[in-house]
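Trainee: Take this structure first; my questions come after.
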Amino acid sequence: MANTKSSCLPLYEKVFHKNTYHRALDVIILFLLLCLLFYRLSTLKNHGFAWFLAFLCETCFTFLWVLVVSCRWTPLTYKTFPQRLQERVQELPPVDMFVTTADVELEPPIMTVNTVLSLLAVDYPAHKLACYVSDDACSPLIFYSLVEASKFAKLWVPFCKKYNVQVRAPFRYFLGESAKPPSTSSREFQQDWKMMKEEYEQLNRNIEQAAKKSFLFDMTGEMAVFSDTERRDHPAIVKVIWENKEDLSNGLPHLIYISREKRPKHPHHYKAGAMNVLTRVSGLMTNAPFMLNVDCDMYANNPEIVLQAMCLLLGSKEGDCAFVQSPQYFYDSPADSLAILHESLGKGIVGIQGPFYAGTGTFHRRKVIYGLWPDEIENQGKCINSVNGQVGGELLQKFGNSKEFIKSAVDALEGKNTGFSSNLSDSLKAANQVAGCGYEYGSSWGKKVGWLYGSATEDILTGLMIHAKGWKTSYCSPDPHAFLGCGPSDLPAAMRQQKRWAMGLLEILLSEHSPILATLTGKLQFRQCLGYLWLLIWGLRSIPELCYVALPAYCIITNTSFLPKVQEPGICIAVAIFVIYKLYTLSEYIHGGFPIYSWFVNNSMLRIVATSAWLFGFGSTVLKLLGLSETVFEITKKVHQSSDGGKDGKELLFDESPFFVPGTTILLVHLAALSTGLLGMQPQGGQGPGLGEYFCSVYVVLCFSPFLLGLFRKGKNGIPLSTICKSAALALLFLRSCKMSSMN
Ligand SMILES: O=c1ccn([C@@H]2O[C@H](COP(=O)(O)OP(=O)(O)O[C@H]3O[C@H](CO)[C@@H](O)[C@H](O)[C@H]3O)[C@@H](O)[C@H]2O)c(=O)[nH]1
Ligand SMILES: [Mn+2]
């Protein structure tokens, strides 16, 4: 373990943010919501079905708001002082860096290569770093790309360090402003710069050419292991691409390629399974006490990031910080809605028990991943002392059947820094064993140790179990951003991702790992539990969202009302909530320096996602509970941006997937309702809709305006005819049932 010298200067400071203004507004909105509920309840008998349904929906929204208020109450961030590390720490600890990739089509190899290059080039002693790439595609192309990348890295890493380059993913570095070296720079730099650019372009070409003839690889020599392999049927492949044999602090970190064994009948547990193999193989080879985990599209954007994270990990008591999470940002989509989410809810959660684990951009403590509890830190040795050189049955049951691995795990748990083994290849045999698909049988992997199985959002599940043990977690949000990733390539891909999340999250809520149980029987703090609830109920939220969106149309068609009339006092409450809430969110955008239109776009996007992707997520969860479907991790399609303007493929708005049926239906229903109302075709009797219902209906049409445009557009910006037909049928069904209900 790194020895911390006794110096009084702390490595980080907690910054508590004053938020009286936000708290006041949050409470005012909550108060108004409660007033509205009370008003509805007291006038329930004078009104019909719509009024009651509105009451139910608003109860849900009020509950959601309680969660939001609680999450945002005590925002916190951390300020780190990496320059003090040198004084405080004699020797920096090793860090193992994991990158996962799983599909050459959806995740272009050049993207993974850039992520790996950015990691190899971070500002940290190179002999303390090792980079492990897990390839779930078992692709010779990825392997080849990494081998080529390691050759390029020998030039790239020294170049970055010599000139203190800020962005160390070459595809971003050679983009935009850096497309030319600044004319003010030295001749030497200009020359080096040109050489690097040429070398990078050559690397790019090599990979592109290899991709074209990917299946024609010469399967001899290094590549021989890939002959006769299939994506879902192949033995484990572990290859040391580059080893920093001389332990040079200014050399190149180790680079290891892993493709875990896959067999058709064995479940492989998607990303969680890959993470566990990475953990075990790295345990055998380098066994660093800290592990950084990033997705293949997330490059290190701040070269100081490892030092930054070390401030938090080494500067706190061991028991105080299980992992350090940096917020997710993207380089290819506007930062607005994410930035605002991180700013309000994100920082709020940081101030409770610590940030959720977001699956990428995270520094883990190896011990914690091995299942250690915070109170075991003090007597780390005790729980494992019985071993004494012999492998106890308990450990076999926990960590599986590899003596070498168990030894490494015991070292890790006891905090022994065995250092890097002199020769990585010595552990290849054991590494192949722990990367086998049968290795985890009968062990605790995926249940109590490592990344947990059973949810498509393995990150939240794993983080939740860590918090449930009473661990705190820490947050690292340096400037410039720590990591930058790429968002879903288009709207259908975004919908698929949101559906997977909604489903994965809801699965957790309904499982034995539910945060409610973890608070009752474990050590999850109550407000942290509320934070998790806010997240896990995305799928459930779709139901009240959908009902509320349908209400104005229903009322106009059936000549009823769900809002107080203009002359009734209740209308003031409803209007006040709407106006205050909208201005509040708008002010957050203005404060963050974002344009007003992005506030509107994000607001309507949220309505669209909630009523479609989350709805499908909810449906899939129900199917899974009934045993009719299984968890699948559908990988998000990523588009590699190699040029500044190159947004190729980013604009696809609609496809034939069912995701667009709810939105189109909602739009058609509202258009029908507005026409019915304007033409005065409603049935006689009833209290009749007022201004409120018409206003809401127009508002819904505005929120779903991308669909309105999509109705009239052709090609990939238009809604496919089949979707329109299905939606029209559903809309007719809705109108028909409205008629029936108004006749009763
Ligand atoms: O069988 C699989 C499936 C996925 N992955 C990797 O998992 C990562 C995330 O997959 P992606 O398709 O990009 O999912 P996203 O929805 O973008 O991921 C977010 O959500 C996931 C689930 O909550 C988290 O695991 C991710 O870290 C988080 O970025 C990628 O590196 C994949 O290569 C694998 O290694 N094996
Ligand atoms: Mn991703």
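Trainee: What's the total number of residues in the range 128-186 that are of a type in the set (Val, Ile, Thr), within 16 Å of ligand 1 (Cβ to nearest atom) and part of a helix (DSSP H, G or I)? Reasoning before the result, please.
Mentor: Step one: of the range 128-186, the residues of a type in the set (Val, Ile, Thr) are 133, 142, 147, 157, 165, 167, 184.
From what is left, the residues that are within 16 Å of ligand 1 (Cβ to nearest atom) are 133, 142.
Filter once more, keeping what is part of a helix (DSSP H, G or I): 142.
Counting residues in the range 128-186 that are of a type in the set (Val, Ile, Thr), within 16 Å of ligand 1 (Cβ to nearest atom) and part of a helix (DSSP H, G or I) gives 1.
Trainee: Moving to a separate point now. What's the total number of residues in the range 287-300 that are within 15 Å of ligand 2 (Cβ to nearest atom) and in a loop (DSSP other than H, G, I, E, B)?
Mentor: Within the range 287-300, the first condition is being within 15 Å of ligand 2 (Cβ to nearest atom), and the residues that meet it are 293-299.
Narrowing the set further to residues that are in a loop (DSSP other than H, G, I, E, B) leaves 296-298.
Residues in the range 287-300 being within 15 Å of ligand 2 (Cβ to nearest atom) and in a loop (DSSP other than H, G, I, E, B): 3 in total.
Trainee: Looking at the range 313-344 only, could you name the residues that are in a helix (DSSP H, G or I), away from ligand 2 (no atom under 16 Å from the Cβ) and modelled with pLDDT under 95? Walk me through how you get there before you give the answer.
Mentor: So the first thing to find is which residues in the range 313-344 are in a helix (DSSP H, G or I), and the list is 313-315, 318-320, 336-344.
Still in the list and also away from ligand 2 (no atom under 16 Å from the Cβ): 313-315, 318-320, 336-337, 339-344.
If the condition is that a residue be in a helix (DSSP H, G or I), away from ligand 2 (no atom under 16 Å from the Cβ) and modelled with pLDDT under 95, then Gly315, Glu318, Gly319, Asp320, Asp336, Ser337, Ala339, Ile340, Leu341, His342, Glu343, Ser344 are the ones that fit.
Trainee: Let me ask something else about it. Could you tell me whether any residue of the range 594-606 is in a helix (DSSP H, G or I), out of contact with any Cys (no Cβ under 7 Å at 6 or more places or on another chain) and under 15 Å from Trp501 (Cβ atoms)?
Mentor: yes
Trainee: Any idea which of (1) closer than 12 Å to Tyr581 by Cα; (2) surrounded by 14 or more Cβ atoms within 10 Å (Cβ to Cβ) is the one Val27 doesn't satisfy?
Mentor: (2)
Trainee: Check whether at least one residue in the range 334-355 is buried (at least 24 other Cβ atoms within 10 Å of the Cβ), of a type in the set (Ser, Thr, Tyr) and more than 13 Å from ligand 1 (Cβ to nearest atom), and report yes or no.
Mentor: no
Trainee: Looking at Phe171, Phe152, Phe98, Phe159 in this structure, which one is touching a strand residue (DSSP E or B) at 6+ places or on another chain (Cβ under 6 Å), within 25 Å of Glu304 (Cα to Cα), assigned by the TED database to the domain that holds Gly359 and among the aromatic types (Phe, Trp, Tyr)?
Mentor: Numbers: Phe171 fails: touching a strand residue (DSSP E or B) at 6+ places or on another chain (Cβ under 6 Å); Phe152 fails: touching a strand residue (DSSP E or B) at 6+ places or on another chain (Cβ under 6 Å); Phe159 fails: touching a strand residue (DSSP E or B) at 6+ places or on another chain (Cβ under 6 Å).
Being touching a strand residue (DSSP E or B) at 6+ places or on another chain (Cβ under 6 Å), within 25 Å of Glu304 (Cα to Cα), assigned by the TED database to the domain that holds Gly359 and among the aromatic types (Phe, Trp, Tyr) holds for just one of Phe171, Phe152, Phe98, Phe159, which is Phe98.
Trainee: May I ask you to list the residues in the range 470-517 that are of a type in the set (Phe, Trp, Tyr) and more than 13 Å from ligand 1 (Cβ to nearest atom)?
Mentor: Step one: of the range 470-517, the residues of a type in the set (Phe, Trp, Tyr) are 471, 475, 483, 501.
Trp471, Tyr475, listed by residue number.
Trainee: Here is a list: Met291, Met310. Which entry is at pLDDT 95 or above and either outside the structural domain of Asp136 (by the TED database) or in contact with a strand residue (DSSP E or B) (Cβ under 6 Å, 6 or more places away or on another chain) (or both)?
Mentor: Working: Met310 fails: either outside the structural domain of Asp136 (by the TED database) or in contact with a strand residue (DSSP E or B) (Cβ under 6 Å, 6 or more places away or on another chain) (or both).
Exactly one residue qualifies, and that residue is Met291.
Trainee: Next question. Grab the helices (runs of 4 or more DSSP H) fully contained in the range 8-125, keeping just those with 1 or more residues being basic (Lys, Arg). I'd like the intermediate steps shown before the answer.
Mentor: Working: elements: 20-42, 49-72, 85-88, 109-120.
Fully inside the range 8-125 and qualifying: 20-42, 49-72, 85-88.
Trainee: From the list Leu708, Leu674, Leu691, which one is at pLDDT 90 or above, closer than 21 Å to Asp655 by Cα and of a type in the set (A, V, I, L, M)? Walk me through how you get there before you give the answer.
Mentor: Details: Leu674 fails: closer than 21 Å to Asp655 by Cα; Leu691 fails: closer than 21 Å to Asp655 by Cα.
Only one candidate passes the filter, namely Leu708.
Trainee: Same structure, new question: Exactly one condition in (1) surrounded by fewer than 18 Cβ atoms within 10 Å (Cβ to Cβ); (2) in contact with a Ser or Thr (Cβ under 9 Å, 6 or more places away or on another chain); (3) closer than 28 Å to Arg260 by Cβ is false for Leu120; which is it?
Mentor: The single condition Leu120 does not satisfy is (1).
Trainee: How many of the residues in the range 154-168 are under 22 Å from Val240 (Cα atoms) and surrounded by fewer than 24 Cβ atoms within 10 Å (Cβ to Cβ)? Break it down into steps so the answer makes sense when it comes.
Mentor: In the first step, residues of the range 154-168 are kept if they are under 22 Å from Val240 (Cα atoms); the result is 154-158.
Applying the additional criterion that residues be surrounded by fewer than 24 Cβ atoms within 10 Å (Cβ to Cβ) yields 154-155, 157-158.
Number satisfying all stated conditions: 4.
Trainee: Still on this model: Which of the residues belonging to the range 219-234 are loosely packed, with under 10 Cβ neighbours inside 10 Å and either over 15 Å from Asp135 (Cα atoms) or small (Gly, Ala, Ser) (or both)? Steps first, answer last, please.
Mentor: At the first step, the residues of the range 219-234 found to be loosely packed, with under 10 Cβ neighbours inside 10 Å are 220-221, 230.
Once the filter is applied, which keeps residues that are loosely packed, with under 10 Cβ neighbours inside 10 Å and either over 15 Å from Asp135 (Cα atoms) or small (Gly, Ala, Ser) (or both), the range 219-234 yields Thr220, Gly221.
The values are calculated or read from the model by the stated rules, or taken from the named source; none is laboratory data. Worth saying up front: this structure is predicted, and the values here are computed from it rather than measured. Glycine also receives a Cβ, built like all others from the backbone with ideal geometry; neighbour counts cover every protein chain displayed.
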